[in-house]
Amino acid sequence: MGDAAGIGPEIVLKTLSAAHIHERCEPLVLGSYEVLSLACQALGLDLELAPVDAASTAAAGSLRVLDCTVERNPEFRWGVADAINGRNCIAAI
């Protein structure tokens, strides 16, 4: 998903909210479940996110999110570069 405060969460969610994507594959997003949930609400998307600890543990039709957060950012803000977001981005790679 890239930097949590960047455009990555919006691009990922808007792209993976298209029904035809789920007809062809079962996407798995590596990133922050918390940030993706916030982005989903902010964008008004009707998309079920499912936190998973393994690729096969989510219900069909939901967007599986493998949370790679190594450090929660209590001062998270959209569009603001932050060292914590950077560390979490690196951890997802």
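For the chain, the carbon plus sulfur part of the accessible surface works out to 55%, probe radius 1.4 Å. How much of the calculated P(r) for the chain lies past 21 Å, in percent of all Cα pairs? It works out to 27 percent of all Cα pairs. Against the compact-protein benchmark of 2.2 N^0.38 Å, the Cα-based radius of gyration of region 1-42 scales to 1.13. Rolling a 1.4 Å probe over the protein chains gives residue 34 an accessible area of about 80 Å².
Only helices enter this figure: runs of n ≥ 4 DSSP H residues, each worth -39500 (n - 2.57), summed and divided by the residues of the chain, yield -11000 deg cm²/dmol at 222 nm to the nearest 500.
For residue 3, nonlocal amide neighbours, meaning residues 5 or more places apart or on other chains whose placed amide H falls under 5 Å from its own, are 8. Taken along the Cα-to-beta-carbon direction at a fixed 7 Å, the label points for residue 15 and residue 50 span 2.1 nm. Springs between alpha-carbon atoms under 10 Å, Gaussian network over the chain: tell me which of 40, 68, 25 tops the mean-square fluctuations. Result for the chain, Cα springs under 10 Å: 25 fluctuates most. Sequence-distant contacts, meaning Cα pairs under 8 Å at least 6 residues apart, place the relative contact order of the chain at 34 percent.
In sequence order, region 61-71 has phi-based couplings of x, 8, 8, 6, 10, 8, 6, 9, 5, 9, 8 Hz under the Karplus curve 6.51 cos²θ - 1.76 cosθ + 1.60, θ = phi - 60°, and Gly or Pro positions carry x.
The values are calculated or read from the model by the stated rules, or taken from the named source; none is laboratory data. Keep in mind that what you see is a predicted model, and the values were worked out from it rather than measured. Note that we place each Cβ from the backbone using ideal geometry, even for glycine, and neighbour counts take in every protein chain shown. Note: areas computed on protein heavy atoms with side chains; ligands, DNA, RNA excluded. Shrake-Rupley method; radii C 1.70, N 1.55, O 1.52, S 1.80 Å.
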